[in-house]
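Each remark here refers to the structure printed beneath this line.
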Amino acid sequence: MTISLYDLSVPTFLQTVRAMAGFLDRAVMHCAETGADPDSFVNAQLFDDMAPFHFQIEAAWHHAVWGVEALKTGAFTPPPLVGPVPFAELRGMIAKAETALEAFTPEEVNQGSGKELNIELHRPRDEKDAWTPWEPRILAFTSETFILSFSLPNFHFHVVTAYDILRSRGVPIGKRDYEGQLRTRPA
């Protein structure tokens, strides 16, 4: 069985983006039932040293849409983070992600197959490494290794963290809410 670059990326991102839309909707329903404010989730964190909910949603959006865009352009260039916004705007980001992903065609994504894709990361120095503050680090990938070892893992990390924040705040969601619509074959 041959799997194309498109098959590795777009349907995989879409499955989880649609699941995210579902569990964000469940959060709104939960708030309506309990009298809570959905905006109370925006700055919620699992731990003090972890990024808040709004960052998780925005980072998932960036890794999905700009991850696939990088396959076309050869550059991972998501827009700057916008920071805390109302819960409704976070839901809007996920709706935009779904629309953008649906617009990618197999032909345009597959044209990036096998190409080199280098990204530059900036990371502040900490006690555990020898980097100077904000020294750039170049990561050299092919399109396939970028999606499989960078963009998809980061995307799923941020999605599951957003899911966990909602779950830890009492939103009644479970594993099937995270999985979304599985892409099964006819039996």
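What is the magnitude of the charge dipole of the chain about its Cα centre, with +1 placed on the Cβ of each Lys and Arg, -1 on the Cβ of each Asp and Glu, and no other charges, expressed in debye to the nearest 20?
Working: 16 positive and 24 negative charges, 86 e Å.
So the dipole magnitude of the chain works out to roughly 420 debye.
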*If contacts are Cα pairs under 8 angstrom and at least 6 residues apart, what is the relative contact order of the chain in percent?*
34
*For the stretch 1-156, what is the Kirkwood hydrodynamic radius in Å, using each pair of distinct C-alpha atoms?*
17.0
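Per the helix-only calculation at 222 nm, which mean residue ellipticity applies to the chain, given -39500 (n - 2.57) for every DSSP H run of n ≥ 4 and division by its residues, nearest 500 deg cm²/dmol? If you can, show how the numbers build up before the last one.
On the way: 7 runs with 99 residues, N = 187.
Per the formula, -17000 deg cm²/dmol.
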*Estimated distance in nm for a label pair at LYS96 and ARG176, the labels positioned 7 Å out from Cα along Cα-to-Cβ*: 3.3
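Just to confirm, what accessible area per residue do you get for the chain at 1.4 Å probe, in whole Å²? All intermediate terms of the calculation are to be shown ahead of the outcome.
Numbers: 10340 Å² over 187 residues.
Per residue, the chain has an accessible area of 55 Å².
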*Please pull out the direction-averaged projected area of the stretch 138-187, using the convex hull of its alpha-carbon atoms, in nm² to one decimal place.*
5.5
_Highest to lowest packing among 25-33, 176-184, 141-149, scored as the average C-beta count within 10 Å_ = 141-149, 25-33, 176-184
_Solvent exposure ordering (accessible area, 1.4 Å, most first) of SER9, SER168_ = SER168, SER9
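Can you give me the % of accessible surface on the chain that is carbon or sulfur? Probe 1.4 Å, all protein chains present, nothing else counted.
Numbers: 5720 of 10340 Å².
About 55 percent, which is the carbon plus sulfur part of the accessible surface.
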*Would you please give the FRET efficiency between ASP48 and SER113, computed as 1/(1 + (r/R0)^6) with r the Cβ-Cβ distance and R0 = 45 Å, to the nearest 0.05?*
0.60
*Mind ranking THR12, THR99 by accessible surface for me, highest first, 1.4 Å probe?*
THR99, THR12
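The values are calculated or read from the model by the stated rules, or taken from the named source; none is laboratory data. Just so it is clear, the structure is predicted and the values come from calculations on it, not from any experiment. Every residue, glycine as well, gets a Cβ built from its backbone with ideal geometry; the counts of neighbours run over all protein chains shown. The accessibility values were calculated without ligands, DNA or RNA, using every heavy atom of the protein model including side chains. Shrake-Rupley method; radii C 1.70, N 1.55, O 1.52, S 1.80 Å.
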